[in-house]
Amino acid sequence: MGIDPQSKSGLKPLTISAVEDIVGGALRWELWGRLGWLEVKRRYRRTTLGPFWSSLTLLVFVIVMGSVGSGLLSRNTSEYLPFLVSGMLAWTMLSSMIGEAGGVFVAGAGLIRQMNFEQSILAYALVWRNFIAFLHNMIVYLLIILVYMPHALTWKVAFAIPGLMLLMVNGVWITIVLGTLTARFRDVQQIVQSIIQVSMFVTPLFWSPDNLSGTRRVVFVGLNPLYHLLSIVRDPLLGRMPSLNSYIAVAIITLVGWTFAFVVYSRFRKRIAYWL
């Protein structure tokens, strides 16, 4: 019986499967956590406010758009501003993850070409740094909610935590898929960013889903995956429970998305280094 040379020498194979990459990458939390934090520090190096610049931008945006939107939609400002800031908090994180996903492997080309490591670490780092930005932006949410809707801060707010975790879990598979496709076709990132810009207006972010009915509600609310990912975070922040339909929709999105990610990553993972 022959002996595997790798087993005899104790060396590990140079290539690993997609499953080993994704699972192994998740377990190396100290590495992707550090990479994500260093990227945040690099972006805001030598600035006065650091990451709080994004929080200040969000605050100005919410106040200006809230003042205009409440008038256009005939909504009470004390109700519309909390609705807007809760949605923008989740949307900013979701849209940033999707928008940056395409460049995750391109930006890490130097590491991928020179080192043999779990490339999914780059995807986890991207999601982690967006989570850090989310925590900074929570200050804006607390400021608005304490002024206009303090009664919304009930035990139901805690349900935003599992919603946020589901958002991050989906962010990883989205990053892996878009990162892989963009490594091969660089136009993908531009297409995705254009879609995100349009989706911001057709998703119930500035307006309530109750404003639509019939076929339009089915298309732009019921069949809109971005709405359901948004809803499981926004609704608890407003002191109400997300609908069961949103949880079911997110569960389906997560299952189908991760299945698709495993298929794509298993087939093309070894080619990424050659595409970069």
Next on the checklist: In the chain, if the dipole is taken from +1 on Lys/Arg beta carbons and -1 on Asp/Glu beta carbons about the Cα centre, which of THR154, LEU126, MET200 is farthest to the positive end?
Outcome noted: LEU126
Item to check | Overall dimensions of the range 62-125 as given by Cα atoms, namely Rg and Dmax in Å | outcome: 19.2, 58
Next on the checklist: Could you compute how fast the range 18-177 diffuses translationally, taking Rh as the Kirkwood radius over C-alpha pairs and applying Stokes-Einstein at 25 °C with viscosity 0.890 mPa s? Give it in µm² per second.
Outcome noted: 142
Checklist entry - Just how many % of Cα pairs in the range 97-252 lie over 23 Å apart, if you round to the nearest whole percent? => result 47
Item to check | Selection from SER70, LEU81, ASN170 lying farthest towards where the dipole of the chain points positive, charges on Cβ | outcome: ASN170
Next on the checklist: With +1 assigned to the C-beta of every Lys and Arg and -1 to the C-beta of every Asp and Glu, and no other charges, what is the dipole magnitude of the range 39-190 about the Cα centre in debye, to the nearest 20?
Outcome noted: 400
Checklist entry - Once the piece of chain linking THR48 and ASN211 is laid out straight, how much longer is it, given 0.36 nm per residue of separation minus the C-alpha distance between them? => result 54.5 nm
Item to check | Spatial separation of Cα centroids for the range 184-244 and the range 126-149, in angstrom | outcome: 19
Checklist outcome for this item: Normalised Cα Rg of the range 136-188, dividing by 2.2 N^0.38 Å with N its residue count, works out at 1.74
Item to check | Inter-label distance, nm, simple model (7 Å from Cα along the C-beta direction), THR259/SER17 | outcome: 1.8
Next on the checklist: What do you get for the angle between helix 18-27 and the principal long axis of the chain? Use alpha-carbon atoms, 0 to 90 degrees, nearest ten.
Outcome noted: 60
Checklist entry - What ranking do 127-136, 20-29 get when scored by the average of other Cβ atoms within 10 Å per residue, highest first? => result 127-136, 20-29
Next on the checklist: With mean projected area of the Cα convex hull in nm² as the read-out, I listed (1) 17.1; (2) 14.5; (3) 18.2; which label goes with the value calculated from this structure?
Outcome noted: (3)
Checklist entry - Around SER17, what is the net charge, scoring Lys/Arg as +1 and Asp/Glu as -1 over all other residues with Cβ under 12 Å from its Cβ? => result 0
Item to check | Value at 222 nm in deg cm²/dmol, rounded to 500, when DSSP H runs of n ≥ 4 in the chain each add -39,500 (n - 2.57) | outcome: -24000 deg cm²/dmol
Checklist outcome for this item: Dimensionless Rg/Rh of the range 31-99, both radii on Cα and Rh by Kirkwood, sits at 1.11
Checklist entry - Hey, what's the chain come to in accessible area per residue, 1.4 Å probe, Å²? => result 54
Checklist outcome for this item: With +1 on the Cβ of every Lys and Arg and -1 on the Cβ of every Asp and Glu, the dipole magnitude of the range 17-85 about its Cα centre, in debye rounded to the nearest 20, is 400
Item to check | Rounded percent of accessible protein surface that carbon and sulfur make up, the range 34-75, 1.4 Å probe | outcome: 65
Checklist entry - On a 0 to 90 degree scale, rounded to 10, what angle separates helix 77-101 from the longest Cα axis of the chain? => result 20
Item to check | Crossing angle, helix 225-237 versus the chain [Cα axis fit, 0-90 degrees, rounded to tens] | outcome: 60
Next on the checklist: Report D for the range 107-157 in µm² per second (integer): Stokes-Einstein, Kirkwood Rh on Cα pairs, 25 °C, 0.890 mPa s.
Outcome noted: 176
Item to check | Dipole in debye (nearest 20) - the chain, about Cα centre, beta carbon charges: Lys, Arg +1; Asp, Glu -1 | outcome: 580
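The values are calculated or read from the model by the stated rules, or taken from the named source; none is laboratory data. Note that this is a predicted model, so its numbers are computed, not measured. FYI the Cβ positions are ideal-geometry reconstructions off the backbone, even for glycines, and counts take in every protein chain you see. Quick note on the areas: whole protein, heavy atoms, side chains included, nothing else; ligands and nucleic acids left out. Shrake-Rupley method; radii C 1.70, N 1.55, O 1.52, S 1.80 Å.
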